[in-house]
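The next block holds one structure in the form of structure tokens; read it before the comments.
The values are calculated or read from the model by the stated rules, or taken from the named source; none is laboratory data. It should be emphasised that the depicted structure is a prediction, and the values quoted were computed from it without experimental measurement. Please note: Cβ atoms are built from the backbone with ideal geometry, for glycine as well, and neighbour counts cover all protein chains shown.
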Amino acid sequence: MTAKSNRSRMQWYRMDLHLHTPGSLDYQEPATSYLDILRKAELRNLDIIAFTDHNTVRGYAAMMREIEQLEFLDRLGRAEADEARRLSEYRRLLKKILVLPGFEFTATFGFHILGIFSPEAPIRQIEHILMSLRVSPEVMDEGNPAAGATSDVLTAYRLINEAGGIVLAAHANSTHGVAMRGFDFGGQTKIAYTQDPYLHALEVTDLEKRGRYTTQRFFDGSKPEYPRRMRCIQGSDAHRLTADPRHSNNLGIGDRVTEVSLPERSFVALIEMFQGTDFARTRPYRSSRDPYDHIQAAREEGANIVQAFHEVMTRRNGHLYSIVADTCAMANTNGGTIFVGVDDNPKKPPVGVEKVSTAIDQLYAEIDSKVTPKLELEIDAQESQGKTVIRIQVPRGPDVPYAIDENKIYVRDDTETSLAVRDEIVQMVVRSEKLRAYQPELDEEEATPSEDTSKLAPPRTGVEIIATEDRKGRLYHTVRDLRNGSTVRNVTRSSARRLWHYAIIEHESRTLNPDAIQWHGEIGLIKRYQRGNDIRLDLAQYDNGGIRVYYGVTEEGLHDAWQIFANMGELSEG
């Protein structure tokens, strides 16, 4: 079966992969039967569910034992009428609903991880995984969320993945979540817990929310320290059949549902989707009267380092070349998605693309002929507001640098695609060589100049001018890009990109007045202004008797103590 024919028969299925049963110690309705749970799932029109009891497979195992006992009595002809009816109901419901075994593992420090497996996986094999994660038999017998001294998060990801399971970070943005909300520490640990290659997706509680501060927006691949875009799904985490009217967060079965696009309703198809990078194959479930529009949601976020929009793809006026340049730039940076047939203004109706198949073939041919080395990407058609839009999914290339016509190397910086400068090309080559040698990529300490760890780290977006040299009346600057830590030398006003150009103009033309800075301890706000759709800040920091200045910092770059400036100060003209 080809990928194209698979796509042609895709269907949306509703799933809730986080359900508890009486197998969990904290289940709120212990008299509930497993038939009750399946019937409730049917009433909520669910196609795929998973039993994920705390540190145990006890609930799923109990249901399978009940079914086996009923089948045994049926084979012997000794089933009572009530038993025969129960067996018939189980058979009917299990044909209609794919029920997957799993568990919600409590790792060290209390983080929760979902492991979900094929119905073909033996119960003892899943229990062996829990024992390998140092869950005691007593905890497994109880389904106790308090598991004691177990294994760490990364070990859990690896063991579940190696056993063929789906690995999800449970309610990642809330209590016991690996996004570490509410923790006053995190740093490299949070990066590792949310970017690990064995982690398939984040289960979140704010998937339906919009805005700059949602979990899905945070992990969209645009942040330098979180370059891997993470799939976000939602589940009910139900500990009862129906939501508790007294507590809004105490949900019932199917109260938070994710839709998933699959060629068939099977575990094989499901894990293949989770292992892929087509993020439009999952969406929060909404009624048919209000379908979720991935493209409109992307437009509301706007263009950024991993997202670009083009209304047309004609050769005239260079539109087609701009699409190819964005493709090259994203492959050299963090990867990303390019939409063709829509503007980035979410209020402007999509224009769509005519003769879609021809246009897709043209894009493949143009990218293949111009970009070297060959780049493996996916181009398909999506719908938005009744119009057909082309989507180009660009991976973070494994063989950087990629070039157009063998000599033009582009990179992506915020919303811009620009020609790479020498130092950026050198760093790409270093990165590529490390990958070829099967070594980890540059970590934060290697990729950036060393920082005194006792001091607050600089913001994570914007630029810093760290040196200036006057050569016969012309100023040459060394610019540090705070997003990726790269240091670029010999930058002038004429050669600088837009943000670099702004920083150089400010640096050359204005005298820094410490008394005019709004100081908060060792850090301060110079100016807050708007550029395009973004709010930007120029910030200052005392350092060894001097003052470091960070130009054009976006709110996404604010961390720790820097967050005090998020809404401070009046807007200036930028």
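Output the number of residues of region 67-82 satisfying the condition of being modelled with pLDDT under 95 and within 17 Å of Arg39 (Cα to Cα).
Residues that pass the stated criteria total 1.
Just name the residue that is surrounded by the most Cβ atoms within 10 Å (Cβ to Cβ) out of those in region 407-436 that are more than 15 Å from Met330 (Cα to Cα) and among the hydrophobic types (A, V, I, L, M, F, W, C).
Val421
For region 276-292, check the following and say yes or no: at least one residue is in a helix (DSSP H, G or I), small (Gly, Ala, Ser) and over 30 Å from Thr205 (Cα atoms).
no
Specify the residue that is nearest to Glu378 (Cα to Cα); the eligible residues are those in region 275-289 that are touching a His at 6+ places or on another chain (Cβ under 8 Å) and buried (at least 18 other Cβ atoms within 10 Å of the Cβ). Give the steps one after another, and end with the answer.
Here is the first cut: in region 275-289, the ones touching a His at 6+ places or on another chain (Cβ under 8 Å) are 275, 279-280, 283.
Okay, now just the ones that are also buried (at least 18 other Cβ atoms within 10 Å of the Cβ), so 279, 283.
Numbers: Phe279: 12, Arg283: 19 Å.
This residue is Phe279.
Can you find, within region 133-156, the residue that is nearest to Ala170 (Cα to Cα) among those that are among the small types (Gly, Ala, Ser) and surrounded by 15 or more Cβ atoms within 10 Å (Cβ to Cβ)?
Ala156
Whether any residue in region 217-233 is among the hydroxyl-bearing types (Ser, Thr, Tyr), within 30 Å of Pro30 (Cα to Cα) and assigned to a loop (DSSP other than H, G, I, E, B) is what I want to check.
No, every residue in region 217-233 fails to be among the hydroxyl-bearing types (Ser, Thr, Tyr), within 30 Å of Pro30 (Cα to Cα) and assigned to a loop (DSSP other than H, G, I, E, B).
If you check Val356 against the conditions, is it over 27 Å from the mean Cα position of the chain (by Cα), modelled with pLDDT of 95 or more and over 29 Å from Asn484 (Cα atoms)?
no
Say whether the condition of being over 24 Å from His171 (Cβ atoms) and in contact with a Gly (Cβ under 6 Å, 6 or more places away or on another chain) is met by at least one residue in region 312-322. Can you show your working first?
Of region 312-322, the ones over 24 Å from His171 (Cβ atoms) are 312-322.
Now restrict to residues that are in contact with a Gly (Cβ under 6 Å, 6 or more places away or on another chain): none.
Looking for residues that are over 24 Å from His171 (Cβ atoms) and in contact with a Gly (Cβ under 6 Å, 6 or more places away or on another chain), one finds none in region 312-322, hence no.
For region 285-317, give me each residue that is free of Cβ contacts under 8 Å to residues at least 24 places away in the same chain and either in contact with an Asp or Glu (Cβ under 6 Å, 6 or more places away or on another chain) or on the phi > 0 side of the Ramachandran plot (or both).
Asn317
So, in region 547-564, of the ones that are at pLDDT 90 or above and of a type outside the set (A, V, I, L, M), which residue ends up surrounded by the fewest Cβ atoms within 10 Å (Cβ to Cβ)?
Arg548
I'm trying to understand the selection: among the residues of region 300-322, which are farther than 16 Å from Glu366 by Cβ and of a type in the set (Gly, Ala, Ser)? Walk me through how you get there before you give the answer.
Within region 300-322, the first condition is being farther than 16 Å from Glu366 by Cβ, and the residues that meet it are 300-307, 309, 311.
Those that are farther than 16 Å from Glu366 by Cβ and of a type in the set (Gly, Ala, Ser): Gly302, Ala303.
One residue is enough: does region 352-375 have a residue meeting the conditions of a type in the set (Ser, Thr, Tyr), touching a residue at least 12 places away in the same chain (Cβ under 8 Å) and more than 19 Å from Ile305 (Cα to Cα)?
Yes, that holds for at least one residue.
Do any strands (runs of 3 or more DSSP E) lying entirely in region 480-574 carry at least 3 residues that are under 24 Å from Thr468 (Cβ atoms), and which ones are they?
Because the criterion is at least 3 residues that are under 24 Å from Thr468 (Cβ atoms), the strands (runs of 3 or more DSSP E) in region 480-574 that meet it are 487-491, 523-531, 534-543, 546-554.
Confirm whether Thr372 is closer than 30 Å to Val167 by Cβ and either buried (at least 18 other Cβ atoms within 10 Å of the Cβ) or touching an Asp or Glu at 6+ places or on another chain (Cβ under 8 Å) (or both).
Answer is no for this residue.
Quick one: which of Ala308, Ala269, Ala325, Ala298 is within 15 Å of Val394 (Cβ to Cβ), under 22 Å from the mean Cα position of the chain (by Cα) and part of a helix (DSSP H, G or I)?
Going through Ala308, Ala269, Ala325, Ala298 in turn, just one is within 15 Å of Val394 (Cβ to Cβ), under 22 Å from the mean Cα position of the chain (by Cα) and part of a helix (DSSP H, G or I): Ala298.
Go through the residues of region 352-367 one by one and say whether even a single one is surrounded by fewer than 16 Cβ atoms within 10 Å (Cβ to Cβ) and assigned to a loop (DSSP other than H, G, I, E, B).
Yes; the residues of region 352-367 include at least one that is surrounded by fewer than 16 Cβ atoms within 10 Å (Cβ to Cβ) and assigned to a loop (DSSP other than H, G, I, E, B).
In region 273-305, how many are among the basic types (Lys, Arg) and in contact with a helix residue (DSSP H, G or I) (Cβ under 8 Å, 6 or more places away or on another chain)? Step through it out loud before you land on a result.
As a first pass, look at region 273-305 and keep what is among the basic types (Lys, Arg): 281, 283, 286, 289, 299.
Filter once more, so that each one left must be in contact with a helix residue (DSSP H, G or I) (Cβ under 8 Å, 6 or more places away or on another chain): 281, 283.
Qualifying residue count, region 273-305: 2.
Got at least one residue in region 506-518 being within 25 Å of Gly302 (Cβ to Cβ) and not hydrophobic (A, V, I, L, M, F, W, C)?
Looking through region 506-518, at least one residue is within 25 Å of Gly302 (Cβ to Cβ) and not hydrophobic (A, V, I, L, M, F, W, C).
With Glu104, Glu120 as the choices, which residue is at pLDDT 95 or above, under 28 Å from the mean Cα position of the chain (by Cα) and of a type in the set (Asp, Glu)?
It is Glu104.
Filter region 27-72 down to the residues that are more than 38 Å from the chain's Cα centre (by Cα) and touching a residue at least 12 places away in the same chain (Cβ under 8 Å) and list them by number.
Across region 27-72, the qualifying residues are Glu66, Ile67, Leu70, Glu71.
Can you find, within region 42-64, the residue that is surrounded by the fewest Cβ atoms within 10 Å (Cβ to Cβ) among those that are closer than 27 Å to Arg286 by Cα, at pLDDT 95 or above and out of contact with any Leu (no Cβ under 8 Å at 6 or more places or on another chain)?
Looking at residues that are closer than 27 Å to Arg286 by Cα, at pLDDT 95 or above and out of contact with any Leu (no Cβ under 8 Å at 6 or more places or on another chain), I get Leu46.
Any residue in region 412-427 that's aliphatic (A, V, I, L, M): show its pairings with residues that are assigned to a strand (DSSP E or B) and surrounded by fewer than 20 Cβ atoms within 10 Å (Cβ to Cβ) at Cβ separation under 8 Å, as long as the two are six or more apart or on different chains.
Listed by first residue and then by second, the contacts come to Leu419/Lys408.
With respect to Val204, is the statement that it is out of contact with any Leu (no Cβ under 7 Å at 6 or more places or on another chain) and under 20 Å from His20 (Cβ atoms) true?
yes
Filter region 144-168 down to the residues that are closer than 21 Å to Ser118 by Cβ and of a type outside the set (A, V, I, L, M) and list them by number.
Tyr157, Arg158, Asn161, Glu162, Gly164, Gly165
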